[in-house]
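Asker: Below is a structure I'd like to ask you about.
Bear in mind these aren't lab numbers, they're just calculated from the coordinates by the rules spelled out. Every value quoted in this text rests on a predicted model; they were computed, and no experiment measured them. Positions of Cβ are backbone-derived with ideal geometry, glycine not excepted, and every protein chain shown enters the neighbour counts.
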Amino acid sequence: MGQALPVLITVIGVLASSACSGTGSQAADLVAATSTTPMAVSAAQTRSTGAPSPAAASTPATAGLRPVAFGTGYTWPDGLRVTTSTVKKFTPSETAFGVGIGEQGVRLTVTVTNGTKQTFDTTKTSMTLTFGPDGAEAEPVIDLPNGVGGGTGLPKKIAPGERGTTTFAFSVQPEWIAGLYGRIWVGDAKHPPATFSGAAS
């Protein structure tokens, strides 16, 4: 205790001196900065730069899988498989929702085959489509008269050995229909999104 007392007095003296010299706020800032966790720093950098941290960008859920061609499929290690048709142009009906002015409607079918040993829940299955050099995201099209859009028709549950099929539709700028990228999520962390690429015909 006798040795600790001089040290304590010295620390108090330094803090008092800092406060008097106007550096107390700087010291407080230094303590706050050094107490920031790596996660907080990463989040702050993300907000200031608009870009995700390297760790976030490399996660399987973000990175997805190597693209395969439309009209083919991908099978995950547990046996679950997703396949697509080729992408076809179509003329949306007058009541279609989501079609941009001067844009082209495109559609494709998606089939989920359950090769696992357990019933698969498809309620979170979804798809996005991007196009152009900047990866603009196509607007989903809901066109019930044409029976397309929103993943309608896919069974909520698929038993082992069974399959379900649905149709997705999107609105794309005509000049970019030769370079489309589709991403399909089946709804859980065990299955990274399957990515497809190709042209609409």
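Asker: Is it fair to say E137 is free of Cβ contacts under 8 Å to residues at least 24 places away in the same chain and loosely packed, with under 15 Cβ neighbours inside 10 Å?
Answerer: Yes.
Asker: Restricting to strands (runs of 3 or more DSSP E) lying wholly in region 162-201: which have 1 or more residues that are out of contact with any His (no Cβ under 8 Å at 6 or more places or on another chain), of a type outside the set (G, A, S) and under 21 Å from P92 (Cα atoms)?
Answerer: Qualifying strands (runs of 3 or more DSSP E): 163-172, 180-185.
Asker: Could you check how many residues of region 140-150 are assigned to a loop (DSSP other than H, G, I, E, B) and touching a residue at least 40 places away in the same chain (Cβ under 8 Å)?
Answerer: Total meeting the criteria: 2.
Asker: Something else about it: I need a count of the residues in region 168-185 that are surrounded by fewer than 20 Cβ atoms within 10 Å (Cβ to Cβ) and in contact (Cβ under 8 Å) with a residue 60 or more places away in the chain.
Answerer: Residues flagged as surrounded by fewer than 20 Cβ atoms within 10 Å (Cβ to Cβ) and in contact (Cβ under 8 Å) with a residue 60 or more places away in the chain within region 168-185 amount to 6.
Asker: For P155, state whether it is surrounded by 15 or more Cβ atoms within 10 Å (Cβ to Cβ) and not in a strand (DSSP E or B).
Answerer: Yes: the conditions hold for P155.
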